[in-house]
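Each remark here refers to the structure printed beneath this line.
The values are calculated or read from the model by the stated rules, or taken from the named source; none is laboratory data. Computed from a predicted model, the values in this text were never measured in an experiment. Cβ: placed from backbone, ideal geometry, glycine included. Neighbour counts: every protein chain shown. To get the accessible areas, we keep the full protein, side chains included, count just its heavy atoms, and leave off ligands, DNA and RNA. Shrake-Rupley method; radii C 1.70, N 1.55, O 1.52, S 1.80 Å.
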Amino acid sequence: MNETFLMLIIICPLVFLAGLIDAVAGGGGLISLPAYMIAGLPPHLATGTNKCSSTFGTLFSTLRFMKNKKICYYSAVSSAVTALIGSYLGARLNMIVDEKYLRYMLIVALPIIALFLIFKKDFGDQEQIISHGAVKVTILSILSGLLIGAYDGFFGPGTGTFLILAYTGLIGFDLVTASGNAKIVNLASNIAAFITFALGSKIVWAIDLPAAVFGIAGNWIGSGLALKGGKKIIKPMFFITLGLLMCKIIYDLL
């Protein structure tokens, strides 16, 4: 059988699953990037090819949230702009500080986040931004975008999940709108990275175009589940994403 076809047999189902999870709670890259590497792509090509398929998938899930009016644009765009700045600063910081220190912090933080989600029964049930006011929401969105963008540039995995948590726990959006806002930030970041990788010829188009179709399908179905199921779908998916992130961190440390 053709080698490319065999690679697609491995990649496409996992990219579909990654897109579904990412559209609901973020963290799809924890599945899709390893899928490309397991299939045999070297790290730099795997990263570029993954970024392409995730960009198209995120675009379609974003459009679905937009169609259902589940995005607060002034908050999302504010975060997107500062996330790009934060990502650059985080990447620069990565060059001078060892990632292992952040991994140690996350090993402590992730179980705490999980326990918080378990015991905070009303987490993300209703929007509370009306009590904050537009100015406060914008300031919190700017700070969230900057800090989580810096995390993305420095380390990366689970960025979408942390964005949703920030939009809900810190700013006060319900889980569905928080997920929609996160899509705007992710899309901006993905497009910037996608263009960079494309110009650097780091994308294997023969693999990525079919994989992108599966990524789009996963994102489309996942966003539909999030919009219809709301908290009942999004909150359980958080635990899957946090568990995947914990496994990745422990694996990297070992």
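When the test is whether a residue is within 30 Å of LEU209 (Cβ to Cβ), open to solvent by 80 Å² or more (accessible area, probe 1.4 Å), of a type outside the set (Val, Ile, Thr) and part of a helix (DSSP H, G or I), TYR88 passes it. Taking GLY19, is it under 19 Å from THR241 (Cα atoms), under 13 Å from the mean Cα position of the chain (by Cα), touching a residue at least 24 places away in the same chain (Cβ under 8 Å) and part of a loop (DSSP other than H, G, I, E, B)? The answer is no for GLY19.
Taken together, the criteria exclude LEU254 from residues that are farther than 25 Å from VAL77 by Cα and buried (at least 20 other Cβ atoms within 10 Å of the Cβ). Of the residues examined, THR4 is not one that is hydroxyl-bearing (Ser, Thr, Tyr) and under 22 Å from GLY153 (Cα atoms).
Counting the residues of region 222-243 that are under 16 Å from the mean Cα position of the chain (by Cα) and open to solvent by 70 Å² or more (accessible area, probe 1.4 Å) gives 2. Listed here are the helices (runs of 4 or more DSSP H) enclosed by region 107-213 that have at least 3 residues being buried (at least 18 other Cβ atoms within 10 Å of the Cβ) and touching a residue at least 60 places away in the same chain (Cβ under 8 Å): 134-154, 159-165, 175-199. Summed over region 71-84, residues that are open to solvent by 70 Å² or more (accessible area, probe 1.4 Å) and under 17 Å from the mean Cα position of the chain (by Cα) total 3.
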